[in-house]
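One structure is given below, encoded as structure tokens.
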Amino acid sequence: MANATIWPGSSSFFPGDTPFGFYDYDYQFQMDADKVADFCARRLGYPISDVELQPTHLYTAFEEAVTTYGNEVYAYKVRQDYLDVEGASTGSNFNNTLIQPNMASIIRMSQQYGEEVGVGGNVEWYSGSITTVNGQQVYDLDAWAAASASLDTGDSIEIKRVFYQAPPAIVRYFDPYAGTGTGMQNLLDTFGWGNYSPAINFLLMPINYDLQKIQAIEFNDQIRKSQYSFELINNKLKLFPIPTVDGGKLFFQYIKNSDRQNPAGDSGINSPVTNVSNVPYANPTYKLINSIGRQWIFEYTLALAKEVLGYVRGKYGTVPIPGAEVTLNHADLITAGTAEKNALVERLRGYLEETSREKLLERRAAESDFKQKELSQAPYFIYIG
């Protein structure tokens with residue numbers, strides 16, 4: 001190793017000269033690899049002083065710089081757009097895709113509120129029924145579930161809706177025994193509307209007339225009859241009025257608590273994005289990186305080269321020469337390289353943050369305010385008619 005060659009003054013890149021080969025077959029990367037190597041060597045003092053690195057060291061630093069740049073850019077994109085890409089397929093590639101803002105994740109979160117009232121969510125509602133018994137007012141739905149709901153051990157049900165109510169008042173609109181009946185059935189039949197809702201009233205009477213009659217029927221049932229109602233406490237169903245016949249069917253809807261407590265809902269996609277580690281971003285395409293990004297990569301490559309050169313020179317703290325010895329500057333190189341790397345990363349993150357959706361909208365709003373103030377200084381025309 002003592003006779004290992006060092007930077008000879010020029011280099012010639014070939015695919016396979018980098019550890020991972022991420023960009024080896026990118027024509028622009030091939031073109032820039034030797035230029036970046038020469039740039040770093042000159043910035044490190046060549047040809048005034050030797051640079052104890054081989055071309056592959058500089059190619060490695062170049063590859064790492066490109067990868068680091070891509071990681072920072074795409075990590076920012078993941079933070080910015082995660083709510084919009086969560087649940088998308090991991091089989092796609094978002095590198096050069098314009099992410100369309102959407103409400104999918106917000107809706108998934110809000111659906112669980114609708115689930116509680118039966119207007120959304122991803123929890124299955126099941127149907128069941130019990131047979132009423134003459135004189136029995138209370139029915140244990142937990143006992144029914146244990147026998148009929150196919151529950152797993154430890155599971156339970158929650159009743160969401162009970163279908164136990166009187167027939168709608170509209171079906172007794174012309175019932176003379178409802179206390180508010182009218183004698184217009186023959187008239188309806190004459191017009192051919194006998195099988196429909198009271199269409200003759202739509203033609204001859206205002207809608208408030210129908211509403212008042214329906215309310216009268218419901219109020220009559222509530223005062224003069226045993227109103228249909230029920231009470232549900234701890235899945236014990238209590239019916240009012242008490243059933244007076246055997247064999248009646250009472251239907252209800254319920255959910256299984258195990259379904260509600262299952263956090264892994266089916267998104268309909270075989271391999272969805274579930275966390276920041278599987279958002280489908282790949283290494284960047286070097287030829288598509290603009291001059292701003294490439295300059296950052298060149299500087300980061302130089303910082304990495306300083307670190308590597310510092311570690312190499314640190315292996316030999318001093319070098320003997322005739323009559324004396326020379327102390328190498330390895331500590332300075334490592335310190336400078338580390339500081340420059342950190343500063344470059346912070347600069348890039350700050351630049352990305354300044355271009356975030358939030359910052360751009362704030363800047364656009366401020367620009368609009370300034371335009372309004374500027375326009376307000378212009379004189380107004382006075383028109384005299």
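The values are calculated or read from the model by the stated rules, or taken from the named source; none is laboratory data. Just so it is clear, the structure is predicted and the values come from calculations on it, not from any experiment. Note that we place each Cβ from the backbone using ideal geometry, even for glycine, and neighbour counts take in every protein chain shown.
Pairs are defined by a Cβ separation below 7 Å, a sequence spacing of at least 6 or placement on different chains, a first member in region 68-94 that is closer than 12 Å to Pro280 by Cα, and a second member that is among the hydroxyl-bearing types (Ser, Thr, Tyr) and surrounded by fewer than 17 Cβ atoms within 10 Å (Cβ to Cβ); the pairs so defined are Glu86/Ser105; Gly87/Ser105; Ser89/Ser271; Thr90/Ser271; Gly91/Ser271.
Looking at this structure, is Tyr46 hydroxyl-bearing (Ser, Thr, Tyr) and over 24 Å from the mean Cα position of the chain (by Cα)? Yes.
Got at least one residue in region 131-141 being in a helix (DSSP H, G or I), assigned by TED's automatic domain parsing to the domain that holds Gly248 and surrounded by 14 or more Cβ atoms within 10 Å (Cβ to Cβ)? Walk me through how you get there before you give the answer.
First pass over region 131-141, keeping only residues in a helix (DSSP H, G or I): 141.
Within this subset, residues satisfying the condition of being assigned by TED's automatic domain parsing to the domain that holds Gly248 are 141.
Subsequent filtering for residues that are surrounded by 14 or more Cβ atoms within 10 Å (Cβ to Cβ) retains 141.
Yes, that holds for at least one residue.
So, Ser105, is that one part of a helix (DSSP H, G or I) and either under 30 Å from Gln215 (Cα atoms) or touching an Asp or Glu at 6+ places or on another chain (Cβ under 6 Å) (or both) or not? For Ser105, the condition - part of a helix (DSSP H, G or I) and either under 30 Å from Gln215 (Cα atoms) or touching an Asp or Glu at 6+ places or on another chain (Cβ under 6 Å) (or both) - is met.
Contact map, region 40-55: first residue on the phi > 0 side of the Ramachandran plot, second residue buried (at least 21 other Cβ atoms within 10 Å of the Cβ) and among the aliphatic types (A, V, I, L, M), Cβ cut-off under 7 Å, separation 6 or more or different chains; pairs are Gly45/Val51.
Exactly one residue among Asn102, Asn122 is in contact (Cβ under 8 Å) with a residue 40 or more places away in the chain and polar (S, T, N, Q), and that residue is Asn122.
Evaluated against (1) in contact with a Pro (Cβ under 9 Å, 6 or more places away or on another chain); (2) surrounded by fewer than 13 Cβ atoms within 10 Å (Cβ to Cβ), Phe20 falls short on exactly one condition, (1). Residue pairs whose Cβ atoms lie under 7 Å apart, sitting 6 or more positions apart in sequence or on different chains, and linking a residue in region 292-315 that is buried (at least 23 other Cβ atoms within 10 Å of the Cβ) and part of a helix (DSSP H, G or I) to a partner that is modelled with pLDDT under 95 and of a type in the set (D, E, K, R), are Leu309/Glu52.
Across region 215-229, the number of residues qualifying as within 23 Å of Arg161 (Cβ to Cβ) and either assigned to a helix (DSSP H, G or I) or at pLDDT 80 or above (or both) comes to 5. A single entry from Val117, Val51, Val66 fulfils the requirement of being surrounded by fewer than 17 Cβ atoms within 10 Å (Cβ to Cβ) and either assigned to a helix (DSSP H, G or I) or at pLDDT below 95 (or both): Val117.
Among residues of region 231-247 that are touching a residue at least 24 places away in the same chain (Cβ under 8 Å) and basic (Lys, Arg), those with a Cβ under 7 angstrom from a residue that is assigned to a strand (DSSP E or B) and surrounded by 13 or more Cβ atoms within 10 Å (Cβ to Cβ), sequence gap 6+ or separate chain, pair up as Lys236/Asp140; Lys238/Phe230.
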